[in-house]
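Peer 1: Would you mind keeping the following structure in view while I ask a few things?
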Amino acid sequence: MTHAYDKSYLNNAKVRLSLAFDYAINDCGIKSDLFAMMFVTSGYAEQFERGNPAILSGMSGIELARLVIGKIYREKVLPEPSIKDSKSPEYWAGWALAEYQWYTGRRFKDIFEYASLSKIISMYPIYHEMDISQFIEALNAFYTEIDADTKLKRIRESRGLSQSELSEKSGVHIRSIQMYEQKANDIDKAQAGTLYKLSRVLGCDIEDLLENPME
């Protein structure tokens with residue numbers, strides 16, 4: 001498999017993402033799945049995936065987290081990082097996720113659709129002392145398990161929304177959402193207005209909801 005950047009940068013990448021997650025979630029009090037969405041929508045996740053040296057080596061994980069947060073909360077005064085005696089589950093999640101992303105080449109955006117950051121953090125008690133290969137296998141199993149689900153369902157669940165909540169926030173009738181997720185109706189043939197409403201609430205592109213966007 002061809003990786004986006006050389007393995008010599010991998011340890012830097014793991015430390016950067018570990019510190020970014022730990023700082024944003026534990027010091028700044030941002031919910032894990034919200035920060036994951038901020039990381040993706042900020043554009044820094046894509047730069048991280050590509051191995052941009054400015055991200056992997058040119059800044060600390062704290063600086064990365066502050067840049068991501070600053071994209072959304074421009075006037076927010078952020079705290080100084082706390083001194084910790086041990087590595088947190090959030091730190092471990094960043095460490096393990098950075099290696100998984102590098103190893104598989106999958107986008108963070110796609111990973112969070114089948115394994116939310118909060119779900120990855122919850123894996124800490126079982127996997128933090130295991131070899132990283134077992135964590136990689138576990139996440140790959142999640143991917144295989146949900147591969148039959150529609151993209152709409154995966155994205156909705158990764159955002160922590162129920163069908164009724166998505167319906168209420170988007171204005172799209174709940175029955176339509178159910179029919180798309182059950183593949184009884186083809187979401188690729190949905191009206192542009194419906195797709196726009198759903199994508200706006202879910203924080204994704206319209207193309208991300210389509211099962212066959214190239215057709």
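Peer 1: Quick check on packing: order 125-131, 156-162 by the mean number of other C-beta atoms within 10 Å, highest mean leading. If you can, show how the numbers build up before the last one.
Peer 2: On the way: 125-131: 11.9, 156-162: 18.4.
Highest to lowest by the protection proxy: 156-162, 125-131.
Peer 1: Of the candidates Ala20, Ala141, Ala192, which one comes out as most mobile in a Gaussian network treatment of the chain with C-alpha springs shorter than 10 Å?
Peer 2: For the chain, modelled as a Gaussian network with Cα springs under 10 Å, the answer is Ala192.
Peer 1: A further question on this structure: Once a ≥ b ≥ c are taken as the square roots of the eigenvalues of the Cα gyration tensor of the range 1-58, is the result rounded (a/c under 1.5), prolate (a/b larger than b/c) or oblate (a/b not larger than b/c)? Show your work: numbers first, answer last.
Peer 2: Values: a/c = 2.45, a/b = 1.75, b/c = 1.40.
Prolate shape, in that a/c is at least 1.5 and a/b is the bigger ratio.
Peer 1: I need to check one value: relative contact order of the chain, counting alpha carbon pairs closer than 8 Å and at least 6 residues apart, in percent.
Peer 2: Values: 220 pairs, mean separation 43.9, N = 215.
Once normalised by length, the contact order is 20 percent.
Peer 1: Just to be sure I understand: with springs between alpha-carbon atoms less than 10 Å apart, which residue in Arg154, Arg107, Arg200 has the highest mean-square fluctuation in the Gaussian network model of the chain?
Peer 2: Comparing Arg154, Arg107, Arg200 in the GNM, the peak value goes to Arg200.
Peer 1: Of Met179, Met37, Met123, which has the largest mean-square fluctuation in a 10 Å C-alpha GNM of the chain?
Peer 2: Among Met179, Met37, Met123, the largest mean-square fluctuation in the Gaussian network model of the chain belongs to Met179.
Peer 1: Given a 1.4 Å probe and every protein chain left where it sits, what share in percent of the accessible area of the chain is carbon and sulfur? Could you put the intermediate results ahead of the total?
Peer 2: Values: 5490 of 11410 Å².
The C+S portion of the solvent-accessible surface of the chain is 48 percent.
Peer 1: Counting only other residues whose beta carbon sits under 11 Å from that of Pro81, what net charge do I get with K and R as +1, D and E as -1?
Peer 2: Values: positive: Arg66, Lys84; negative: Asp22, Asp27, Glu63, Glu80.
Around Pro81, the charge tally is -2.
Peer 1: Then there is this: Describe numerically, in nm with one decimal, the distance between label points set 7 Å from Cα along Cα→Cβ at Met179 and at Phe142.
Peer 2: 3.2
Peer 1: Classify the range 58-197 as rounded, prolate or oblate, taking a ≥ b ≥ c as the square roots of the eigenvalues of its Cα gyration tensor: rounded when a/c is under 1.5, otherwise prolate if a/b is larger than b/c and oblate if not. Mind showing how you got there, number by number?
Peer 2: Working: a/c = 2.51, a/b = 1.48, b/c = 1.69.
It comes out oblate by the Cα gyration axes.
The values are calculated or read from the model by the stated rules, or taken from the named source; none is laboratory data. Bear in mind that the values here come from a model prediction, so they are computed numbers and not experimental data. Because the Cβ atoms are built from the backbone with ideal geometry, glycine has one as well, and the counts that use them run over all protein chains shown. Protein only, heavy atoms only, side chains kept; ligands, DNA and RNA dropped before computing areas. Shrake-Rupley method; radii C 1.70, N 1.55, O 1.52, S 1.80 Å.
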